[in-house]
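For reference, the structure is listed below as structure tokens.
Throughout, read-outs are computed from the coordinates displayed, never taken from laboratory work. Bear in mind the structure is a predicted one, so any value in this text is a computation, not a measurement. As a convention, Cβ positions derive from the backbone with ideal geometry for all residues, glycine included, and neighbour counts pool all protein chains shown.
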Amino acid sequence: MDGLLSLGVDSYHGVRNIAVTTQTAISKYQGMQYGGKLKAGFTLPIYTIEISPMGTVQYSALTQQGYIETGAYGANLSVSPVQVNQIQIGLGGRIAEVSQDDFLPELHVLYLYDTKPPKFQVTSQFIDVGGGSFIVTGVNQARAGINVGRSITTLMTEQFMVIASYDLEAKKGFMDQSVLVKFKWLF
């Protein structure tokens, strides 16, 4: 079983150019993102490889402060705070080469499903001229997707290893790629 907790503090600086008035609206605000992931499975050794069925559950959240733009009289916006949450489960497996002592390649595939897909919605209002507010809604993403990845583990000592990995996550209308290098010390 593997677990991961993450926390990020964000600082945003926005510039919105208004072509009609040639003004520029400026915004500065803060945000925070946090999450957790659990991965569990078991290993079936077969000759020089390991096959591991596995499952994952992941929670992630993003919060952004509301803000008021400056610099564009008549076109400055007051923008509401944003809170987005997502819960995703995954089922799949991995296959790894274990015949070599210090260099271990691996391939994994997971089917992903968002049990609580993120819903992005922002309410804005022009502050200098008054009037009603308007709502901007984010894109509805597909709930199902796939994660395909590859990694290489290099054993430096019996307790210390370096893991380099590449992952591709894809859904209809969405693709994310990531590269990660981990240093792992077993104690």
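Output the antiparallel fraction of DSSP beta bridges having both residues in segment 60-113, as a percent to the nearest 5. Don't jump to the answer; show the numbers that get you there.
Values: 15 of 15 bridges.
Around 100 percent antiparallel, to the nearest 5.
What number, in percent, do you get for the relative contact order of segment 1-151 if the mean sequence gap of Cα pairs under 8 Å and at least 6 apart is divided by its residue count? Before the final figure, lay out each step's value.
Values: 377 pairs, mean separation 27.5, N = 151.
Reported relative contact order: 18 percent.
Karplus couplings for segment 122-132 from phi (6.51 cos²θ - 1.76 cosθ + 1.60, θ = phi - 60°), rounded to Hz, Gly and Pro as x?
10, 9, 10, 8, 5, 8, 7, 10, x, x, x
Over the Cα atoms of segment 48-120, what radius of gyration and what Dmax do you get, in Å?
22.1, 69
With θ taken as phi - 60° and the coefficients 6.51, -1.76 and 1.60, list the Karplus ³J(HN,Hα) couplings across segment 85-90 in order, rounded to whole Hz; mark glycine and proline as x.
Here the 3J(HN,Hα) series is 10, 8, 10, 10, 10, x Hz.
May I ask for the equivalent-ellipsoid semi-axes of the chain, computed as the square root of five times each C-alpha gyration tensor eigenvalue and listed largest first in whole Å?
Numbers: eigenvalues 403, 64, 38 Å².
Ellipsoid half-lengths, sorted descending, are 45, 18, 14 Å.
Whole-Hz Karplus ³J(HN,Hα) for segment 166-183, in order, using 6.51 cos²θ - 1.76 cosθ + 1.60 and θ = phi - 60°, x for Gly and Pro?
Result, ordered by residue: 10, 10, 10, 10, 9, 9, 4, x, 8, 8, 9, 10, 9, 10, 9, 10, 10, 10 Hz.
Find the lysine pairs in the chain meeting two conditions, Cα atoms under 27 Å apart and a separation of 8 or more places or different chains, and report how many there are.
So the count works out to 18.
Restricting attention to segment 8-105, which chymotrypsin sites (Phe, Trp or Tyr not before Pro) occupy a DSSP loop and are surrounded by at most 15 other Cβ atoms within 10 Å?
Counting only loop positions with at most 15 other Cβ atoms within 10 Å, the chymotrypsin sites (Phe, Trp or Tyr not before Pro) in segment 8-105 are 42, 47, 73.
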